[in-house]
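The values are calculated or read from the model by the stated rules, or taken from the named source; none is laboratory data. These figures come from a predicted structure and were not determined experimentally. Glycine also receives a Cβ, built like all others from the backbone with ideal geometry; neighbour counts cover every protein chain displayed. To get the accessible areas, we keep the full protein, side chains included, count just its heavy atoms, and leave off ligands, DNA and RNA. Shrake-Rupley method; radii C 1.70, N 1.55, O 1.52, S 1.80 Å.
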Amino acid sequence: MNVSKIGPIDRLKRVLGDGHCATGLEHDKLVAAQIEEIGRRTPAMVALSFFAAGLLLYQTAGEPGFARVCALIAGFSIAHASTFIWWLNRRQDGRAAPDDDRVIRSLVLLAALLGCFWGLLTIAIFPMRDAETTFAFGVVLTGGVLVTTFHLSTLTPAMVVFVTTSGLLAGAGLLQAASPEARPMFLALVGLYVVFLPWMSRQFAAAFASRLATHARNQQQARIINHLLDDYQETASEWYWESDAAGATSRISPRLCDALGTSREAIVGSQFVTVIGGKADDQDTGLARLSQAMAANRAFRGVEIVVNLDGRQRWWRLSGKPRHVDEEATGFIGTCSDITAEKRAERQINELAHTDTLTGLFNRGSFTQRLDASVRTLERYGTAFTLLFLDLDKFKLVNDTYGHPVGDKLLIEVANRIRGQVREQDCVARLGGDEFAIILHNQNDAVLAAKLASRLIASVLEPYRIDGHTLWIGVSIGIALTPMHGTQPEQILRNADLALYRAKEDGRGVFRYFEAQMDFEQRERRILEQEMHQALDESEFRLRYQPMIDTQTGRVSSVEALIRWEHPIRGEIPPDEFIHIAEQSNLIVEIGKWTLRESCRAAMSWPDEVSVSVNIAATHFMRSDIVADVKTIVGETGFDPGRLSIEITESLLIEETDDVFSKLMALKEFGCAVVMDDFGTGYSSLSYLMKFPFDRLKIDRSFVRDLSDNEGAREILRAIAALGDNLGINITVEGVETTDQLDFVTAIACDQVQGFYFSRPLHGEQVNSFILRRLAGASIVAPPPAGEAERVAAG
């Protein structure tokens, strides 16, 4: 490269070296900033320099070298005046210098002139030999040099030229004026001055460049942040906003402006709280929180405000935190977002949590909350209420017959009918399955409750038309009135449930109030349930056996096992007083297994042609694996399964599930006979006889009791007997107590009879003797000897 073509800026780059390049700042911008800094310091430097010149004139007045000092100060003044004029012109023309090379050359020339001035002053004044003048000169000289050095410190070339020029000339003056002994010291000082000040200037220039680069980076980052904020405001779900120290809006997202329905110009400068508050209710608690936080210069997060935009209600969530510069608050920066969709989702979730998804009524959890609230109101204000429990009758039959989709639609229709019978302020809930509850607020009138219950029963009883099917169901209702029937939630619930239980016991499709006697009966049931557990452990259950007679031979063909409970205090308890309690718990399974096991053990001692018949409750059948139970017990006792008859009632067949029929078929395949007990008293359907090949039908005693004066009963018995004959199903008639009854059932070809005419239930040890007596040739038409049955039954 041709050295003559290297400009001042290039030389400056060489002087600065790579250190300034490391700052990441462009050299042209750095040079411009250094020149600008020198210009900024010029007025102060000029003023101080003229002050120093004035001091020198004052100190040297009347001295022999005063003329030389005046000449030097005149040149010095011209140079500084030129510098000041340059600074004024630069201010008027703007801060951007058009030709930095020319400016640098001028500054370097100025530095040389100033260096000559201060150096020549040393030559001119030190020979004056006046100690006081010399000291004053030294102080002024030092101050002037330091001021000029500071003035030029940001521009290293000018600084080097100034120090070198002033140092060499000052050194010459000191060597001329000093004694031989002081010259080494002065030379050392001049050398230190010439070396140290340029080094210090270089460090200062580097620090200035680094500070300038940091400032440039901060500005660049601010521009990037602003650009990112602009992008964020356009794309993000949240809206950006800023306010100044006075709370006025200084920056706002365009999308937030659109949401507010106004322009940015109309918002900027307005109080941010006022801008938001203009769309919100004055009583909005969120708006109050926002105002308080900003007034206290306190960060806030998740402040929710309801705003009205063009008649539409929206929810906004605002967050913000104070900005600080040098620990001084300068305003807020924050975000705002529209959470309307979130709020609506929360509302839906809340509704799902408190509403039955199928019917739209309150669910059990919500009902419990409202019942608790009603009790609190009762305790505090004495405001009574009424609780109704509803349970649908025959719904399970419909659900299992037509399927769950039809059952669900039926529940929806029932819910609508119930809701249509109550007041809007009353609580209607679906507790689960086919159970409903109603809370009648501010009302405990028994007559009004009865009228409502009657309307509900009549409404639910009306036929339903669903998916082409016409369906009928009913409802049973239990009623508890507060405070007469309870003052605590658990007590009120229990009493309404007891009333519902009584309604079901009384034939369903009716309503019942709670009565104190129900509570007593419930306690009795609980006591019996506990005592039944003890009865199983302590073997208090006993079996009685009632023979069944073959109408052709007059002999015992089978024996039915009947359970009794020999209570240590109450005495013998018949099954109709405890079996239904056992069915409400899992005790029925244990009692059923015990009955099967004891029956098989007892029958092992009977003749092989005599079978044993055991009743299996529907609840036992459904809650346990009855097939496995029978196989296990037969295996334990070694009993022949071909001699075991399993009696079931028609209530089990109402389920009409494949599982029921598969279990019954498995019992037949194992060798057991399957008998339908109490045929004709329940939900008798010929379809049952088509679906499963029963071995025997047992006609209930109620038909036999009315034979003498009820032609309809006789015709029913004839029809059942004919049906059994045609289908190949044997017929047993229960409850035969007279010769006329025996003659009739024998005449219509019923093959087996059972009743007090032959024997009351016997103890186990009496069965074999009874079988032997019948085997000895007693005629089917001849009753046992007078008093024999009673004597045998008595023991």
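Values computed for the structure shown
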| item | result |
| --- | --- |
| Residue that is least open to solvent (accessible area, probe 1.4 Å) [pool: residues in the stretch 335-353 that are assigned to a strand (DSSP E or B) and touching a helix residue (DSSP H, G or I) at 6+ places or on another chain (Cβ under 9 Å)] | CYS336 |
| Residue check, ASP497 under 29 Å from GLN369 (Cβ atoms) and of a type in the set (Asp, Glu) | yes |
| Single match in ASP372, ASP356 (criterion: touching a strand residue (DSSP E or B) at 6+ places or on another chain (Cβ under 7 Å), within 23 Å of PRO489 (Cβ to Cβ) and of a type outside the set (Ser, Thr, Tyr)) | ASP356 |
| In the stretch 707-726, the residues that are open to solvent by 60 Å² or more (accessible area, probe 1.4 Å) and charged (D, E, K, R) | ASP709, GLU711, GLU715, ARG718, ASP725 |
| Residue satisfying all of: in the stretch 370-391; within 28 Å of VAL510 (Cα to Cα) and not hydrophobic (A, V, I, L, M, F, W, C); surrounded by the most Cβ atoms within 10 Å (Cβ to Cβ) among these | THR386 |
| Residue check, PRO574 free of Cβ contacts under 8 Å to residues at least 24 places away in the same chain and either touching a strand residue (DSSP E or B) at 6+ places or on another chain (Cβ under 8 Å) or within 30 Å of VAL745 (Cβ to Cβ) (or both) | yes |
| Unmet criterion (only one of (1) over 32 Å from the mean Cα position of the chain (by Cα); (2) of a type in the set (A, V, I, L, M, F, W, C); (3) within 30 Å of HIS580 (Cβ to Cβ); (4) not in a loop (DSSP other than H, G, I, E, B)) for MET484 | (4) |
| Enumeration of residues in the stretch 422-448 that are farther than 15 Å from THR386 by Cα and either at pLDDT 95 or above or assigned to a strand (DSSP E or B) (or both) | ARG430, LEU431, GLY432, GLU435 |
| Count - residues of the stretch 693-706 that are open to solvent by 30 Å² or more (accessible area, probe 1.4 Å), of a type in the set (D, E, K, R) and in a loop (DSSP other than H, G, I, E, B) | 2 |
| Residue in the stretch 561-570 that is modelled with the highest pLDDT, counting only those that are of a type outside the set (A, V, I, L, M) and more than 17 Å from GLU765 (Cβ to Cβ) | TRP565 |
| Among (1) of a type outside the set (Lys, Arg); (2) modelled with pLDDT of 90 or more; (3) over 20 Å from GLY277 (Cβ atoms); (4) open to solvent by 40 Å² or more (accessible area, probe 1.4 Å), the one test that ASN363 misses | (4) |
| Within the stretch 451-483, tally of residues that are over 16 Å from LEU410 (Cβ atoms) and open to solvent by less than 20 Å² (accessible area, probe 1.4 Å) | 9 |
| Hits in the stretch 567-610 (condition: outside any helix (DSSP H, G or I), hydroxyl-bearing (Ser, Thr, Tyr) and within 30 Å of LEU775 (Cα to Cα)) | SER605 |
| Only one of SER613, SER645 that is in contact (Cβ under 8 Å) with a residue 60 or more places away in the chain, in contact with a Cys (Cβ under 9 Å, 6 or more places away or on another chain) and closer than 25 Å to GLU737 by Cα | SER645 |
| Listing of helices (runs of 4 or more DSSP H) fully contained in the stretch 164-279 that carry 3 or more residues being open to solvent by less than 50 Å² (accessible area, probe 1.4 Å), at pLDDT 85 or above and not β-branched (Val, Ile, Thr) | 254-260 |
| Test set (1) part of a strand (DSSP E or B); (2) buried (at least 18 other Cβ atoms within 10 Å of the Cβ); (3) of a type in the set (A, V, I, L, M, F, W, C) - ALA329 fails condition number | (2) |
| Filter result for the condition that a residue is farther than 10 Å from LEU387 by Cα, outside any loop (DSSP other than H, G, I, E, B), in contact (Cβ under 8 Å) with a residue 12 or more places away in the chain and open to solvent by 70 Å² or more (accessible area, probe 1.4 Å), over ARG512, ARG502, ARG526 | ARG512 |
| Cβ pairs under 8 Å, 6+ apart, first in the stretch 332-353 and at positive phi, second of a type in the set (A, V, I, L, M) and open to solvent by 40 Å² or more (accessible area, probe 1.4 Å) | none |
| Subset of the stretch 529-560 that is open to solvent by 50 Å² or more (accessible area, probe 1.4 Å) and over 59 Å from the mean Cα position of the chain (by Cα) - its residue that is modelled with the highest pLDDT | ARG555 |
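So that you can scan it fast, the table gives a plain yes or no per residue for (1) in contact with a Cys (Cβ under 8 Å, 6 or more places away or on another chain); (2) of a type in the set (Gly, Ala, Ser); (3) open to solvent by less than 50 Å² (accessible area, probe 1.4 Å); (4) within 24 Å of ASP659 (Cβ to Cβ):
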{"residue": "GLU577", "(1), (2), (3), (4)": "no, no, no, no"}
{"residue": "ILE588", "(1), (2), (3), (4)": "no, no, yes, yes"}
{"residue": "SER605", "(1), (2), (3), (4)": "no, yes, no, no"}
{"residue": "GLU609", "(1), (2), (3), (4)": "no, no, no, no"}
{"residue": "ALA618", "(1), (2), (3), (4)": "no, yes, yes, yes"}
{"residue": "ILE626", "(1), (2), (3), (4)": "no, no, yes, yes"}
{"residue": "LYS631", "(1), (2), (3), (4)": "no, no, no, yes"}
